Amino acid sequence: MSSRKHWRARAGTAVLALLAGIGAFAVPAPALADSPSENRQTVSYHGYRIEVPADWKVVDLAENPRACLRFDRPAVYVGRPADQNDCPARIVGRTAGIVVEPITARSAGQATAATARTPRGKATAPSVASSNDTIQIAVEDAGVLVTAAHTPGTESLVRDALASAELTAGAERTELPRATEKAQTAPLAAAGPQPGSYLGRGFDACTAPSQAAMNAWKSSSPYGAVGVYISGSFRGCSQPNLTASWVTNQTNNGWRLIPIDVGRQAPCTNYSLKMSSDPATAKSQGVTAAAGAITAASNLGIPAGSAIYSDIEAYTSTASCKAAVLSYLAGWTERLHSSGYVSGFYSSAASGIRDAAAEYNNSAYTRVDHIFYAWWNGAADTNTGSYVPSSYWSGHQRIHQYVGEVTESYGGYSINIDRDYLDVGTGTPQQPACTGANLDFTAYTTVQSGSTGNLVKAAQCLLKAAGHDPGTPDGIFGPDTTTAARNFQSGKGLTADGVVGPKTWTALLSRGTTPTVQSGSTGEAVTRLQRALTAALGRTVAIDGDFGSGTAQAVRDYQSSRGLANDGIAGPATWGALQSGR
């Protein structure tokens, strides 16, 4: 690697220095890309040459192979990253950064359907799309894979740098293996939904550890789960190890994964990437973030049914800030549910988690399924103290980050981590399966203590699937079923009387994912909708999984009676009303 500086007029250099110096709190930088008089530096590697601002740090990985590839401060990294990088556990925020590494079997594993290839004889590719605020280009004539991270505010700066790229005399062609593209469309790689059902210790690190480190820690550490930052416009670390093969290897070895997205932050912070203070816009931004997370999860082979946790760092709450955060999370949750994923939320117990708990029963916000809370009290448990009532998210829906930023060594591998304790399960709202009982009835009459029969067995099965165990579904409504019904009702904000009447039936039967369904739709979601409408309206709706005219009329009748937009389409508002037992 060689570097030489081109000195030009110094207008705008102070702004660049500011960008480099304040990291995650950097101001948006479109103006920087529009200032051709700034001084620049030229960085060359492997026959690929690029111009970047002079204030960017240049890291030669041949000289410092274990350097942390971090994007919270502008930098260019050239060379092959080490299998294990020295990264702090928590780097939150992003400005911009570019990694130029040789095309190898390892780096090729990072390529996705969004990775562009340059034409023959070229170092740039026209109209390259950004995926998850990352632009990736295979410059095959130089044998390098270029990965450029940015935020919405620095995208033009990064694109300007990429557009300056040229081939040099030292360029040697290496093609990106075409099989990589096939791998991205292969069957899902993870050994089931993540983290799945797990009780015990875990850890999270800024960058996914190497295979060797994971093997060593599996055999000698107390941990069985690992948090990985799979997506988000505000991820601070590069992820050279995180590929579908890595996911397959870890889950096949028994590791549970905690997929994390780091996106927009609360509007009442100083972070450079914030959600809107307007709740409607914030909700839309949450939908967009979830869509990116789903794409990333799919590329990694992390299947539907998995939880993905939105990382919103600590903030000083106000009423308007809380409304924005919870609206963002509502959009996040609804979009994840529409693709069959579980909605998780990471934040400080004293800010984001406490705000979510304060509105737990507020039907204006679609509630997240899991909480992942930072409370560094050193206690390896899922007690939430005064921050969250013990009855909230009580159905194996909690992860506690109980110690932060410690370095631990096992089997000769040291990693800076946060310690976590998990109590998670698949019996949460996005896992609606209830087997062993008939759920299709022409009427869902009230059942309570002393009741017997198939309706009781159906209620028991549904309660069990919702994470409130009444014991083996036996068709006998005893004390355990009453307790399970009360706990479910309490979580939904219903009268906790232990009696399964129309509202409780409606909430139980509609539980699960919430895709928009309408005339012509078919499948399991339509079946759940038809059951829930039968309970809510008190009349028979044909339960056949086919959204025909009768179902459309029932949806309209329900919407009209509940003050919803009367369009005959079961979208987020209709599902939200059904799942809250209205």
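Out of all the residues in segment 160-179, which are in a loop (DSSP other than H, G, I, E, B) and either free of Cβ contacts under 8 Å to residues at least 40 places away in the same chain or out of contact with any helix residue (DSSP H, G or I) (no Cβ under 6 Å at 6 or more places or on another chain) (or both)?
Of all residues in segment 160-179, those in a loop (DSSP other than H, G, I, E, B) come to 164-165, 168-178.
Correct list: Ser164, Ala165, Thr168, Ala169, Gly170, Ala171, Glu172, Arg173, Thr174, Glu175, Arg178.
Table: residues versus (1) within 34 Å of the chain's Cα centre (by Cα); (2) open to solvent by less than 10 Å² (accessible area, probe 1.4 Å); (3) at pLDDT 90 or above.
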| position | (1), (2), (3) |
| --- | --- |
| Ser451 | no, no, yes |
| Lys457 | no, no, yes |
| Gly471 | yes, no, no |
| Phe477 | no, yes, yes |
| Val499 | no, no, yes |
| Ser510 | yes, yes, yes |
| Thr540 | no, no, yes |
| Gly548 | no, no, yes |
| Asp557 | no, no, yes |
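Taking the criterion of being closer than 23 Å to Gly512 by Cα, among the β-branched types (Val, Ile, Thr), open to solvent by 50 Å² or more (accessible area, probe 1.4 Å) and assigned to a helix (DSSP H, G or I), would at least one residue in segment 327-334 satisfy it? Lay out the reasoning, then the answer.
Just the residues of segment 327-334 that are closer than 23 Å to Gly512 by Cα, to begin with: 327-334.
Now drop any that are not among the β-branched types (Val, Ile, Thr), which leaves 333.
Applying the additional criterion that residues be open to solvent by 50 Å² or more (accessible area, probe 1.4 Å) yields none.
Scanning segment 327-334 turns up no residue that is closer than 23 Å to Gly512 by Cα, among the β-branched types (Val, Ile, Thr), open to solvent by 50 Å² or more (accessible area, probe 1.4 Å) and assigned to a helix (DSSP H, G or I).
Would you check if there is a residue in segment 240-252 being small (Gly, Ala, Ser), under 30 Å from Ser221 (Cα atoms) and in a helix (DSSP H, G or I)? Please lay out each step first, then the result.
The first filter runs over segment 240-252 and keeps only residues small (Gly, Ala, Ser), leaving 244-245.
Those still in the list that are under 30 Å from Ser221 (Cα atoms) too: 244-245.
Filter once more, so that each one left must be in a helix (DSSP H, G or I): 244-245.
Among the residues of segment 240-252, at least one is small (Gly, Ala, Ser), under 30 Å from Ser221 (Cα atoms) and in a helix (DSSP H, G or I), which makes the answer yes.
Could you check, for segment 264-283, whether at least one of its residues is open to solvent by 30 Å² or more (accessible area, probe 1.4 Å), among the aromatic types (Phe, Trp, Tyr) and outside any strand (DSSP E or B)?
Yes, because at least one residue in segment 264-283 is open to solvent by 30 Å² or more (accessible area, probe 1.4 Å), among the aromatic types (Phe, Trp, Tyr) and outside any strand (DSSP E or B).
Residues Val388, Val342: which one is touching a residue at least 60 places away in the same chain (Cβ under 8 Å) and farther than 20 Å from Pro88 by Cα? Working first, answer last.
Working: Val388 fails: touching a residue at least 60 places away in the same chain (Cβ under 8 Å).
Selected residue: Val342, the only one of Val388, Val342 that is touching a residue at least 60 places away in the same chain (Cβ under 8 Å) and farther than 20 Å from Pro88 by Cα.
For Ile371, state whether it is of a type in the set (A, V, I, L, M, F, W, C), crowded, with 21+ Cβ neighbours inside 10 Å and in contact with a helix residue (DSSP H, G or I) (Cβ under 6 Å, 6 or more places away or on another chain). Can you show your working first?
Values: of a type in the set (A, V, I, L, M, F, W, C): yes; crowded, with 21+ Cβ neighbours inside 10 Å: yes; in contact with a helix residue (DSSP H, G or I) (Cβ under 6 Å, 6 or more places away or on another chain): yes.
Yes.
So in segment 92-114, with the set limited to residues that are open to solvent by 10 Å² or more (accessible area, probe 1.4 Å), part of a loop (DSSP other than H, G, I, E, B) and in contact with a helix residue (DSSP H, G or I) (Cβ under 8 Å, 6 or more places away or on another chain), which one is nearest to Gln211 (Cα to Cα)?
Residue satisfying both the conditions and the ranking: Gly109.
List the pairs whose first member sits in segment 475-500 and is closer than 21 Å to Asn362 by Cα, whose second member is open to solvent by less than 10 Å² (accessible area, probe 1.4 Å) and among the basic types (Lys, Arg), and whose Cβ atoms are under 7 Å apart, counting only residues at least 6 apart or on separate chains?
Between residues of segment 475-500 that are closer than 21 Å to Asn362 by Cα and residues that are open to solvent by less than 10 Å² (accessible area, probe 1.4 Å) and among the basic types (Lys, Arg), there is no close pair.
Hey, Ser343 hits all of (1) more than 12 Å from the chain's Cα centre (by Cα); (2) closer than 24 Å to Leu422 by Cβ but one; which does it fall short on?
Going through (1) more than 12 Å from the chain's Cα centre (by Cα); (2) closer than 24 Å to Leu422 by Cβ one by one, Ser343 breaks only (1).
Check Ala108, Ala75, Ala54, Ala9 and return the single one that is modelled with pLDDT under 80 and among the aliphatic types (A, V, I, L, M).
Details: Ala108 fails: modelled with pLDDT under 80; Ala75 fails: modelled with pLDDT under 80; Ala54 fails: modelled with pLDDT under 80.
Residue meeting the stated conditions: Ala9.
Confirm whether Leu564 is in contact with a helix residue (DSSP H, G or I) (Cβ under 7 Å, 6 or more places away or on another chain) and over 22 Å from Thr442 (Cβ atoms).
Numbers: in contact with a helix residue (DSSP H, G or I) (Cβ under 7 Å, 6 or more places away or on another chain): yes; over 22 Å from Thr442 (Cβ atoms): yes.
Here the answer is yes, as Leu564 does meet what is asked.
Would you mention how many residues in segment 286-303 are open to solvent by less than 40 Å² (accessible area, probe 1.4 Å), in contact with a Gly (Cβ under 8 Å, 6 or more places away or on another chain) and either among the hydrophobic types (A, V, I, L, M, F, W, C) or not in a loop (DSSP other than H, G, I, E, B) (or both)? If you could, list the steps in order and put the result at the bottom.
First pass over segment 286-303, keeping only residues open to solvent by less than 40 Å² (accessible area, probe 1.4 Å): 286, 289-294, 296-297, 300-303.
Next cut, in contact with a Gly (Cβ under 8 Å, 6 or more places away or on another chain) only: 286, 289-290, 292-293, 303.
Filter once more, so that each one left must be either among the hydrophobic types (A, V, I, L, M, F, W, C) or not in a loop (DSSP other than H, G, I, E, B) (or both): 286, 289-290, 292-293.
Qualifying residue count for the region: 5.
What pairs come up if the first residue lies in segment 529-549 and is under 16 Å from Thr446 (Cβ atoms), the second is among the aromatic types (Phe, Trp, Tyr) and open to solvent by 10 Å² or more (accessible area, probe 1.4 Å), and their beta carbons are under 7 Å apart, counting only those six or more places apart or on different chains?
What qualifies is Thr534/Tyr444; Ala535/Tyr444.
Of everything in segment 393-407, what is open to solvent by 40 Å² or more (accessible area, probe 1.4 Å) and touching a residue at least 40 places away in the same chain (Cβ under 8 Å)? Give them in sequence order. I'd like the intermediate steps shown before the answer.
Just the residues of segment 393-407 that are open to solvent by 40 Å² or more (accessible area, probe 1.4 Å), to begin with: 394, 396, 405, 407.
Once the filter is applied, which keeps residues that are open to solvent by 40 Å² or more (accessible area, probe 1.4 Å) and touching a residue at least 40 places away in the same chain (Cβ under 8 Å), segment 393-407 yields Ser394, His396, Glu405.
Return a yes/no flag: does segment 122-135 have any residue that is among the small types (Gly, Ala, Ser), more than 27 Å from Ala212 (Cα to Cα) and part of a strand (DSSP E or B).
yes
Determine, yes or no, whether Ile258 is among the β-branched types (Val, Ile, Thr), under 30 Å from Ser245 (Cα atoms), assigned to a loop (DSSP other than H, G, I, E, B) and open to solvent by less than 50 Å² (accessible area, probe 1.4 Å).
Details: among the β-branched types (Val, Ile, Thr): yes; under 30 Å from Ser245 (Cα atoms): yes; assigned to a loop (DSSP other than H, G, I, E, B): no; open to solvent by less than 50 Å² (accessible area, probe 1.4 Å): yes.
Spelling it out, it is not the case that Ile258 is among the β-branched types (Val, Ile, Thr), under 30 Å from Ser245 (Cα atoms), assigned to a loop (DSSP other than H, G, I, E, B) and open to solvent by less than 50 Å² (accessible area, probe 1.4 Å).
Ala75: free of Cβ contacts under 8 Å to residues at least 24 places away in the same chain, in contact with a Lys or Arg (Cβ under 9 Å, 6 or more places away or on another chain) and not hydroxyl-bearing (Ser, Thr, Tyr), yes or no? So that I can check it myself, show each step before the final result.
Details: free of Cβ contacts under 8 Å to residues at least 24 places away in the same chain: yes; in contact with a Lys or Arg (Cβ under 9 Å, 6 or more places away or on another chain): yes; not hydroxyl-bearing (Ser, Thr, Tyr): yes.
The answer is yes for Ala75.
If you take the residues of segment 352-368 that are surrounded by fewer than 19 Cβ atoms within 10 Å (Cβ to Cβ) and in contact with a helix residue (DSSP H, G or I) (Cβ under 7 Å, 6 or more places away or on another chain), which of them is farthest from Ala507 (Cα to Cα)?
Restricting to residues being surrounded by fewer than 19 Cβ atoms within 10 Å (Cβ to Cβ) and in contact with a helix residue (DSSP H, G or I) (Cβ under 7 Å, 6 or more places away or on another chain), the top hit is Glu359.
I'm trying to understand the selection: among the residues of segment 516-533, which are open to solvent by less than 30 Å² (accessible area, probe 1.4 Å) and touching a helix residue (DSSP H, G or I) at 6+ places or on another chain (Cβ under 8 Å)?
Val517, Val526, Arg528, Leu529, Gln530, Ala532, Leu533
Do we have Ser338 as open to solvent by 40 Å² or more (accessible area, probe 1.4 Å), farther than 19 Å from Met275 by Cβ, hydroxyl-bearing (Ser, Thr, Tyr) and over 15 Å from the mean Cα position of the chain (by Cα) here?
Values: open to solvent by 40 Å² or more (accessible area, probe 1.4 Å): yes; farther than 19 Å from Met275 by Cβ: yes; hydroxyl-bearing (Ser, Thr, Tyr): yes; over 15 Å from the mean Cα position of the chain (by Cα): no.
Against the criterion (open to solvent by 40 Å² or more (accessible area, probe 1.4 Å), farther than 19 Å from Met275 by Cβ, hydroxyl-bearing (Ser, Thr, Tyr) and over 15 Å from the mean Cα position of the chain (by Cα)), Ser338 does not qualify.
Restricting attention to segment 119-174, and to residues there that are under 22 Å from Pro53 (Cα atoms) and of a type in the set (Asp, Glu), which single residue is surrounded by the most Cβ atoms within 10 Å (Cβ to Cβ)?
Of everything passing the filter in segment 119-174, Asp133 is surrounded by the most Cβ atoms within 10 Å (Cβ to Cβ).
Considering only segment 382-405, I want to know if a residue exists there that is modelled with pLDDT under 95, part of a strand (DSSP E or B) and not polar (S, T, N, Q).
Yes, that holds for at least one residue.
The values are calculated or read from the model by the stated rules, or taken from the named source; none is laboratory data. What you see is a predicted model, and the numbers here were worked out from it, not measured in a lab. A quick note on method: Cβ atoms are made from the backbone with ideal geometry, for glycine too, and the neighbour counts reach across all protein chains shown. Areas reflect the complete protein model, heavy atoms only, side chains present, ligands, DNA and RNA absent. Shrake-Rupley method; radii C 1.70, N 1.55, O 1.52, S 1.80 Å.
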